[in-house]
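Colleague: Pasting in a structure now, in structure tokens, and then I'll have a few things to ask.
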Amino acid sequence: MEHEIVNKETPEMKQLISGIKEVSKRLREIAQTHRPLFGGEIYLTGREVCERLFLSPRTLQDYRDKGIIPYTQIAGKILYRLSDINRLLQENYYDNKLSEK
């Protein structure tokens, strides 16, 4: 019975380490861009809503307080449904732009 010594310098191990690094890199990329679905809905954080709507966090809070923008609070974290944001944009921005023409 012949035994082969495998260490980090063998071609097979180098290939395995390279593959693991590639998978790890891809998982980090996915984790940064993936948004989990809750009941088929995509939820955004306050920061993401501010970036999309060009709002300050304080203005977003005012909109929440005044009931202008719907939100969900889960375990102390405030989230916004993407479908609600898109609907608000449609009703308040895009429709107004079309009527101005």
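What follows is calculated from the coordinates using simple rules that are stated; it is not laboratory data. Predicted model, so just to flag it, every value in this text is computed and none were measured. All Cβ positions, glycine included, derive from the backbone under ideal geometry; neighbour counts span all protein chains shown.
Colleague: For the chain, what are the DSSP H helices with axial Cα length of 20 Å or more and mean Kyte-Doolittle hydropathy of at least -1.0?
Modeller: The answer, listed by residue number, is 11-33.
Colleague: Calculate, in nm to one decimal, what Arg26 and Thr10 gain on full extension: separation in residues at 0.36 nm each, minus their alpha carbon distance.
Modeller: Answer, rounded to one decimal: 3.3 nm.
Colleague: What value does the chain have for Rg/Rh, both radii from Cα atoms and Rh as Kirkwood defines it?
Modeller: Radius of gyration over Kirkwood radius for the chain works out to 1.34.
Colleague: Could you work out how far apart the two model spin labels at Leu89 and Glu51 are, taking each label as a point 7 Å from the Cα in the direction of the beta carbon, and quote it in nm?
Modeller: So the label points at Leu89 and Glu51 sit 1.4 nm apart.
Colleague: Oh, and also: Student exercise: in the chain, how many lysine pairs 8 or more apart or on different chains have Cα atoms under 25 Å apart?
Modeller: 5
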